Amino acid sequence: MNRRKFVKIFAGTSGLFLTGASGLLQSCKSPAEAPIDPNQQNPLRIPTEIQGGILNAAYGSANVWRGPSSDVLTLNGLFTGPTVRVQKGDAFSILFTNALGEPSIIHWHGINAPSGMDGHPRSTIQSGAQFSYKLPIQQRAGTYWYHAHPDANTAKQVYKGFAGIFIIDDVEEAPLNLPSGKYDVPLLLQDKRQRSDNAVTYDPTEEDIISGFLGNVILANGTPNAYLSVEQTFYRFRLVNASNARVFKIGFSDGRSFQIIATDGGLLESPMDLTNFNLSPGERAEIIVNFSADPIGRSLKLASIAYDFNSSHRGSTFPQGLAMDILDCRVVRASATQSKSIPAKLTTLEKLSSPIRTRTFALTMDHSKPKGIHMINDLVFDLNRIDETVKQGDVELWEFQNTADAFHSMHVHGGQFQVSERLYAGPITPVDGGWKDTVLVYPNETVRVLVRFTDYKGLFLLHCHTLEHEDDGMMINVLVT
């Protein structure tokens, strides 16, 4: 299938539509990509928490699935990486050791870091070298994350396991008495292509570069077919979409309502009731789930619900819109603590307004090119070229115009924004609310955001967080002066 024929199947898509309940893909095109056995469930792995110290990246092996071990990328010997947990006001410091045999660098996704600490690929750490990251933690509580960011090799390293969650706590959030301890559950979500040899293989085809590298099973904290024993009380799930390209439609198998309380940059002003929402690569969301009324013995699944990508045929082995289970929640006991009600008011957010200028970013695909198909304003990434210059503290309106028949998840380094308007795909949704650093732009849609860089001057990035698109060149340099 050529590129032009492949992308034509997506024409006319303007959103995601619910078409079925959660489940697992039972048929695969390649004989090496085995069907999933839903009866082989595994307890959810909860990553080790660290406050700093050392982070060593190396290729190794891990028991991801039952049977043969998998060749993966490990962080401190773990798949996936440890969770960083710090307080606002801390001076976070970690020594990164690159034992990968290839260049790499860490991007602290969503963290407002100095330019030299942000993870720009021009500062890549060579194999065998070390680098000491020092980050003053100045921003509000929230769920952030970290991942590899070397030029043209981010997709492989993240897919193989170079990713972890980064949680900030602060004094504003503490009095809200939100679920904590074992009731506060971090979930780093990645889709993988399960194979009969258990290999975690990254081997994108030409079509994968266009659509993004998509899998047939979701790993939660590196756990396939994960389950969690829960009590009859409230739980806080911190969802991080660390997939290369998969857009999840988050919901529960029984269609229950839950509350979204936070997005990329921390708490929303008030909880919002939902039954499902879309979460694109790089985005985060925190939800409150109430199991108080569920009888002991009930099992229900947090899932990526099936949706119709509105194509006459799907053109990919594992297309967008597949129904896949994330986490089997098993109600096993009454709560040892009282169920908590969630406050109706969480915080007060500053509202950006009165932008002093507008910038337009055209997200295009040129299928006549052998490489660099994905572009921003007809530009393919150049490590040393300055593409946009913005003034620190200015509020600007940025308009993302997606003229392609593919999802683009646009991410800003070094600053945050607020979504102000969606055109064509529908109204602003709760996951668009609050402070953001990543936003999903649907095929043939325009999204407008109000952006401001407050903390640091220097060189930062704007790019698509579909990692195959980023590696292919859909990234530009932004200089903050």
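The values are calculated or read from the model by the stated rules, or taken from the named source; none is laboratory data. Fair warning: this is a prediction, and the values are worked out from it, not measured in the lab. Methodologically, a virtual Cβ is constructed for each residue, glycine included, from the backbone with ideal geometry; neighbour enumeration extends over all protein chains shown. Side chains included, ligands, DNA and RNA excluded: accessible areas come from the protein's heavy atoms. Shrake-Rupley method; radii C 1.70, N 1.55, O 1.52, S 1.80 Å.
Going through (1) without any contact (Cβ under 8 Å) to a residue 60 or more places away in the chain; (2) over 30 Å from Leu228 (Cα atoms); (3) assigned to a loop (DSSP other than H, G, I, E, B); (4) touching a strand residue (DSSP E or B) at 6+ places or on another chain (Cβ under 9 Å) one by one, Pro295 falls short only on (2). Selection of the range 193-207 for residues being crowded, with 22+ Cβ neighbours inside 10 Å and of a type outside the set (Val, Ile, Thr) yields Arg193, Gln194.
Can you confirm whether the range 158-181 contains a residue that is among the acidic types (Asp, Glu), touching a residue at least 60 places away in the same chain (Cβ under 8 Å) and in a strand (DSSP E or B)? Yes; the residues of the range 158-181 include at least one that is among the acidic types (Asp, Glu), touching a residue at least 60 places away in the same chain (Cβ under 8 Å) and in a strand (DSSP E or B). Would you say Ile210 is farther than 27 Å from Thr83 by Cα, of a type in the set (Val, Ile, Thr), open to solvent by 10 Å² or more (accessible area, probe 1.4 Å) and touching a residue at least 24 places away in the same chain (Cβ under 8 Å)? Considered against the rule, which asks whether it is farther than 27 Å from Thr83 by Cα, of a type in the set (Val, Ile, Thr), open to solvent by 10 Å² or more (accessible area, probe 1.4 Å) and touching a residue at least 24 places away in the same chain (Cβ under 8 Å), Ile210 comes out as no.
When Gly282 is tested against the conditions (1) in a strand (DSSP E or B); (2) touching a His at 6+ places or on another chain (Cβ under 8 Å), the lone failure is (1). Scan (1) buried (at least 16 other Cβ atoms within 10 Å of the Cβ); (2) under 30 Å from Gln392 (Cα atoms) for the single condition Met324 breaks and write down its number. Met324 satisfies all of (1) buried (at least 16 other Cβ atoms within 10 Å of the Cβ); (2) under 30 Å from Gln392 (Cα atoms) except (2).
Residue by residue, here is whether (1) β-branched (Val, Ile, Thr); (2) closer than 25 Å to Phe166 by Cβ; (3) surrounded by 24 or more Cβ atoms within 10 Å (Cβ to Cβ) holds:
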position	(1), (2), (3)
Ser243	no, yes, yes
Arg246	no, yes, yes
Gly255	no, no, no
Gln259	no, yes, no
Leu274	no, yes, no
Leu279	no, yes, yes
Ile296	yes, no, no
Lys301	no, no, no
Pro319	no, no, no
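Looking across the range 122-136 at every residue that is open to solvent by 40 Å² or more (accessible area, probe 1.4 Å), out of contact with any helix residue (DSSP H, G or I) (no Cβ under 8 Å at 6 or more places or on another chain) and among the small types (Gly, Ala, Ser), the one that is nearest to Leu462 (Cα to Cα) is identified as Ser132. Val431 falls short of the stated requirement of being β-branched (Val, Ile, Thr) and touching a helix residue (DSSP H, G or I) at 6+ places or on another chain (Cβ under 6 Å). Of the strands (runs of 3 or more DSSP E) lying entirely inside the range 51-121, those containing at least 3 residues that are open to solvent by 60 Å² or more (accessible area, probe 1.4 Å) span 53-62.
Just the residues that are out of contact with any Pro (no Cβ under 8 Å at 6 or more places or on another chain), over 19 Å from Leu188 (Cβ atoms) and not polar (S, T, N, Q), please, taken from the range 323-335. Within the range 323-335, Ala323, Arg330, Val332, Arg333, Ala334 qualify. Of note, Ala199 does not satisfy the criterion of being small (Gly, Ala, Ser) and at pLDDT 95 or above. Checking the stated criteria, Glu269 turns out not to satisfy the condition of being farther than 22 Å from His149 by Cβ, acidic (Asp, Glu), crowded, with 19+ Cβ neighbours inside 10 Å and more than 21 Å from the chain's Cα centre (by Cα). Filtering the range 215-234 down to residues that are of a type outside the set (A, V, I, L, M) and open to solvent by less than 10 Å² (accessible area, probe 1.4 Å), which residue is nearest to Glu468 (Cα to Cα)? So the residue we want is Gly215. Taking the residues in the range 388-406 that are of a type in the set (Asp, Glu) and closer than 18 Å to Thr358 by Cα as candidates, determine which candidate is surrounded by the fewest Cβ atoms within 10 Å (Cβ to Cβ). Of everything passing the filter in the range 388-406, Asp394 is surrounded by the fewest Cβ atoms within 10 Å (Cβ to Cβ). Note on the range 303-404: enclosed strands (runs of 3 or more DSSP E) holding 3 or more residues that are out of contact with any helix residue (DSSP H, G or I) (no Cβ under 8 Å at 6 or more places or on another chain) are 324-334, 357-365, 388-390, 395-402.
Within the range 168-216, being under 19 Å from the mean Cα position of the chain (by Cα) and among the hydroxyl-bearing types (Ser, Thr, Tyr) holds for Tyr202, Ser211. Of the residues making up the range 152-169, those that are out of contact with any Asp or Glu (no Cβ under 9 Å at 6 or more places or on another chain), within 22 Å of Ile476 (Cα to Cα) and either open to solvent by 10 Å² or more (accessible area, probe 1.4 Å) or of a type in the set (Lys, Arg) (or both) number 0.
Which members of the range 331-387 meet the condition of being open to solvent by 40 Å² or more (accessible area, probe 1.4 Å), touching a residue at least 40 places away in the same chain (Cβ under 8 Å) and on the phi > 0 side of the Ramachandran plot? Of everything in the range 331-387, those that are open to solvent by 40 Å² or more (accessible area, probe 1.4 Å), touching a residue at least 40 places away in the same chain (Cβ under 8 Å) and on the phi > 0 side of the Ramachandran plot turn out to be Ser354, Asn377.
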